[in-house]
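Take a look at the structure set out below.
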Amino acid sequence: MGGVKGFVEGGIASIVAGCSTHPLDLIKVRMQLQGEVQSSTVATNAIRHGPVSVGIQIFRTEGTTALFSGVSAAILRQTLYSTTRMGLYDIMKTKWSDPDSQTFPLHRKITAGLIAGGIGAAVGNPADVAMVRMQADGRLPVDLRRNYKNVGDAVKTMVRTEGLRSLWRGSSLTVNRAMIVTAAQLATYDEVKETMMGKFGMKDGLGTHVLSSFTAGFVAAVASNPVDVIKTRVMNMKVGMYSGPLDCAMKTIKAEGPMALYKGFVPTVTRQGPFTVVLFVTLEQVRKLLKDF
């Protein structure tokens, strides 16, 4: 059961982390869509709001439950994407560790993260598209909302109205982002944890896990935010708005400036920190519970 355990442990930890930080992810998506071009060339002149303001606005205009819009898609996404990437990384970590010293060099950690993240993203892309759309729906005028009931309804409606290929819209961006996030997140966590325990004599306990997690979350946020902004916009777009990811990036930079690629960075960091902490702390606890299996 060795190989399967990594998938089970990673899946449980990812679902717990994803659900507990979902409102922060929703705020991030709404911020990334602020000022988006509404035609091929023109950006909206709406006032840009910060994360707290966006959160309050959602609460006031859409209600408390709106902060969990798309959570069914988030659960499916974590089940498909994160279970796959965490399980594959665990397998590669076991296979690629030095047989004598049992060390896992940084370059191998990064390579394993890139591979695991890419495969996981390809598997989970349909749920990712559904989640982005469900999270973004509340910002639209009532007559333009998609009003998906749940992730199943979202997937079914997309296939019926836009074709099967719509489920993999933005997949190249999803894969690229996932490769960056997984390599940064998992490699940084392992590297920082090993350094703190090996060089600073810290114990393999909660304090070490939290510090390693926050560091990993920050690195992942900095590295992935530009790709994440473009991914969000491509997945959420109406048909014909952009010809592809590069077109979206160019129009975004032209209309809003290069720093538009770091829209939603504060909620991204705010979300990545807690998400990564919950992810790895839960993972370590699940590993302890399943160590005899």
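No lab work stands behind these numbers, since they all come straight from the coordinates. Fair warning: this is a prediction, and the values are worked out from it, not measured in the lab. In this analysis, Cβ positions are derived from the backbone assuming ideal geometry, glycine residues included, and neighbour counts consider all displayed protein chains.
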Under the 0.36 nm per residue contour assumption, what length would be gained going from the current alpha-carbon distance of Leu246 and Gln285 to full extension? 9.9 nm
Given points 7 Å out from each Cα along the Cα-Cβ axis, report the Val159 to Ile253 separation in nanometres with one decimal. 3.8 nm
So which lysines can Lys251 reach, going by Cα to Cα under 21 Å and dropping same-chain residues fewer than 8 places off? Lys28, Lys231, Lys238, Lys263
Label-point separation (nm) for Phe293 and Thr111, each offset 7 Å from Cα along Cα-to-Cβ? 3.2 nm
Distance between modelled label sites at Lys5 and Met197, nm, 7 Å Cα→Cβ extension: 1.4 nm
Looking only at Cα atoms, what is the convex hull volume of segment 2-289 per residue, in Å³? 134 Å³
